[in-house]
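What follows draws every value from the coordinates through simple rules; no lab data is involved. Computed from a prediction, not measured in an experiment: that's the story for all the values here. Here Cβ is always computed from backbone atoms with ideal geometry, including for glycine, and neighbour counts include all displayed protein chains.
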Amino acid sequence: MVGYIVLGIVVILLLWLILTYNRLILLKNRVRNNWSQVDVVLKNRFDLIPNLIETVKGYAAHEKEAFTRVSELRTQYAAAGSVEDKAAVSGEISGLMSRLLMVAESYPELKANENFLYLKQQLSAIEDKIRFARQFYNDTVEAYNTAIMSFPANLLAGLFNFKQERFFQIDEAEKSGPQVKF
C-alpha cells in the first residue's frame, strides 16, 4: 500500500517536472520569437530611412551630418547582438528621425512632395508596428520572467539554468518618437 502511495507521488512529481519544464521552454521560445518580430519591424524602419533621406537630401543639403549618422546607425544596428544594444541604436535613430522630420517641415515644397508624404505615412505606420511589437515582446518577457521566478517553478528554472530575459527599454529621447506631422 505504501509503495503505491510513493509511486503515485513520484509519478505526480515527474509529471509536474515535465509540464513545468515544457512550459518554461514554451515561454522562452515565445520570447525569442517575439524579439524576432521586433527585430523585423526595426529592420523595416531602417530600410525605409534611406528612401526618406534621399527625398529630403536635395532640400536640406546642410544636414549632411545627420544623414551620415543615420547610415552609421544602420550599420551599428546590424552588428548589435543584444536587446540592449539594439534598443540603444533604435533610440538614437528615433532622435535623428525627429530632427530630420523637423528639418523637412521647414521646406514647404518638400512637404508637398508625393514621395515625401508617402514615406512619412510609411514611417508613421512602422512606428506604430514598432510600439506594438515592443509591447508584445515585453509582455512575453514578463510572463517568462514571472514563470521562472514563481515558486515552485523557480526551483526547476534554477536547476536547468533558465535566466531572466531583459525588457526592451527605450531612453527618454525615444519615448516621444519621431514626430510625423501631416
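Residue separation times 0.36 nm, minus the C-alpha to C-alpha distance between Tyr21 and Phe132: what's the value?
So the extension gain works out to 37.1 nm.
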Distance cut-off 20 Å, Cα to Cα: go down the list Lys43/Lys163; Lys64/Lys86; Lys43/Lys86 and report the pairs above it. Lys43/Lys163; Lys64/Lys86
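Let me check I've understood the local charge: for Asn22, count other residues with C-beta under 15 angstrom from its C-beta, Lys and Arg +1, Asp and Glu -1. What total comes out? Don't skip to the answer; put the middle values down first.
Values: positive: Arg23, Lys28, Arg30; negative: none.
Taking every other residue near Asn22 into account, the sum is +3.
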Fully extended contour minus Cα-Cα distance, from Ala79 to Leu14, at 0.36 nm per residue: 19.1 nm
In deg cm²/dmol, rounded to 500, what helix-only [θ] at 222 nm does the chain give when every DSSP H run of at least 4 residues adds -39500 (n - 2.57) and the total is split over its residues? -28000 deg cm²/dmol
³J(HN,Hα) across the stretch 133-150 via Karplus (A = 6.51, B = -1.76, C = 1.60, θ = phi - 60°), whole Hz, x for Gly/Pro? 5, 4, 4, 5, 4, 5, 4, 5, 4, 4, 4, 5, 4, 5, 5, 7, 9, 7
I'd like the orientation of helix 2-57 relative to the chain: the angle between its Cα long axis and the longest Cα principal axis, in ° from 0 to 90, rounded to 10. 0 degrees
Roughly what angle does helix 83-105 make with the longest principal axis of the chain, taking Cα atoms, 0 to 90 degrees, to the nearest 10? 20 degrees
With x for Gly and Pro, the residue-by-residue ³J(HN,Hα) of the stretch 67-75, computed from phi through the Karplus equation 6.51 cos²θ - 1.76 cosθ + 1.60 at θ = phi - 60° and given in whole Hz, is 5, 5, 5, 4, 4, 4, 5, 4, 5
Between Val40 and Glu105, how many nm apart are label points set 7 Å from Cα along the C-beta direction? 3.3 nm
Given a Förster distance of 25 Å, the FRET efficiency implied by the Cβ-Cβ spacing of Glu65 and Ser124, rounded to the nearest 0.05, works out to 0.50
